[in-house]
Structures are given as structure tokens and as C-alpha cells.
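Peer 1: Submitted below is the structure of interest, expressed as C-alpha cells.
Every number here is computed from the coordinates shown, using simple stated rules; none is lab data. Note that the structure is predicted; figures quoted are calculated from it, not measured. Here the Cβ positions follow ideal geometry from the backbone for every residue, glycine too, while neighbour counts run over all protein chains shown.
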Amino acid sequence: TLALQRIEIYKGGNAMQFGSTTLGGSINMIQKTGHSHSGHQLRFEMGSDDTFRGYMQSGKIFKDGSDMFMSLTGTTSDGFREHADQKNIKFNTNVGIKLSSQAETRFYFSANQIDLELPGSVTQNQALTDPESARANAKSDDQRRDIISYRLSNKTTVDLGDGHKMDVGAFLFYKDLFHPIIAVVGVIDQ
């Protein structure tokens, strides 16, 4: 969410502008751009359970009116419970190009590596007497959820005049999921 400029929530039929399958509503996450967040930012956070997060972002506007924004986040945490470690690296970038006074295009790229250990559920008694414990087979089976993903997308906006705009977009997405939850369904490896 650090790479987001804002989040828009459209309830019910108000989401129809995003397509006919959004009748129940939609959430539109708007990324930062070089125009909205030019300059640089470094941020470091730390918390309990050896939790650390580093974040850097950079935005730039070029002389021809195009812009670029990029961000990199790294997180590591030992987790409150046993077998709850996590390590994440997330990269986001986008480049906007002014094609004419009525048209612009923006390319987006994101890459994520997410490694999560899963402690599993425990009984109420276990939670009250030993809240840091993990379910025994979660540790022995090394239950986890590891994801590597890449997304490349484009959105081109054309100003049709009289307050009307047309957006055209496309994306490519690759996801590698390794999710061993042996006691429940086995190993999910996509």
C-alpha cells in the first residue's frame, strides 16, 4: 500500500464504469506516479518480533511531460507465533508517456517475492495457555505460502472531448505459488 496514491471504493452499480462484471462493486487502487509524487523518499520501520521494513520510492517528471515512479519494499519478521516468519520483497514501477494533447499511455510493472511460514490454527485452550505455539503438523509439514509474481500492464487514456474519456488496457500476469498445507489439501504448486 505504500506505492498507492489512493484507494477508491465503488459500491454496487457505481462500479459499472470498470466493466459489466463489477455490478457488486469494485475497489480501484491508484498507484503513485512521477506527477503525484516527484522526488525521493526513504523510510525504515521496526517493531516487535524482529519486524523490519525498508521502503524507498522515487518519482520524476521529464522535460517532455512524461513521468516515472518506482518503489521497492523489503520486509522481514519472526512473527509472534512459532513458525510464522515472513520475508517479502516488492517492486513497483510505472512510466507515463504523453502521446498527444488528447492521449496518454502508462505502463506498469510489479514484481513480488513473498515467503510466509504458516503456524496454523490451534484450539482455544492452546491459544489461552500457550499463545505463541504453532499447530504441531504445521511445523513438521513446514506449511508455508511462497509466491513469486510478475505483472506487466498498460492503460491508454484518450480524451474524447466534452468531459468524455476512453480507457483501453491490457495486462500480462505470471504467478508461481508453492503452498504446502499437507493436513488440509496436500501441496498446492501452481
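Peer 1: Give the lysines reachable from K155 as a straight Cα distance under 18 Å; neighbours fewer than 8 places away on the same chain don't count.
Peer 2: Candidates past the 8-residue exclusion: K32, K98, K165.
Peer 1: I need the semi-axes of the equivalent ellipsoid of the range 96-165: take the C-alpha gyration tensor, multiply each eigenvalue by 5, square-root it, list largest first in whole angstrom.
Peer 2: On the way: eigenvalues 525, 48, 10 Å².
Working through the eigenvalues yields semi-axes of 51, 16, 7 Å.
Peer 1: In the chain, with Lys and Arg counted as +1 and Asp and Glu as -1 at Cβ, which of these residues, N125, F171, G34, has the Cα nearest the positive end of the dipole, that is, farthest along it?
Peer 2: G34
Peer 1: Need one number: convex hull volume per residue for the chain, Cα atoms only, in Å³.
Peer 2: So the per-residue Cα hull volume is 154 Å³.
Peer 1: Okay, next question. What size of dipole, in debye to the nearest 20, comes out for the range 125-190 about its Cα centre when the only charges are +1 on Lys and Arg C-beta atoms and -1 on Asp and Glu C-beta atoms?
Peer 2: Roughly 60 debye for the range 125-190.
Peer 1: As a test of the formula, what do you get for the chain when each DSSP H run with n ≥ 4 contributes -39,500 (n - 2.57) and the sum is divided by the residue count, at 222 nm and rounded to the nearest 500 deg cm²/dmol?
Peer 2: Working: 2 runs with 11 residues, N = 190.
Counting only the DSSP helices, I get -1000 deg cm²/dmol.
Peer 1: What translational diffusion coefficient, to the nearest whole µm²/s, does the range 1-111 have by Stokes-Einstein, given a Kirkwood radius computed over alpha-carbon pairs, a temperature of 25 °C and 0.890 mPa s viscosity?
Peer 2: Answer, rounded: 150 µm²/s.
Peer 1: A further question on this structure: Whole number please: convex hull volume per residue of the Cα set in the range 66-127, in Å³?
Peer 2: Value for the range 66-127: 104 Å³ per residue.
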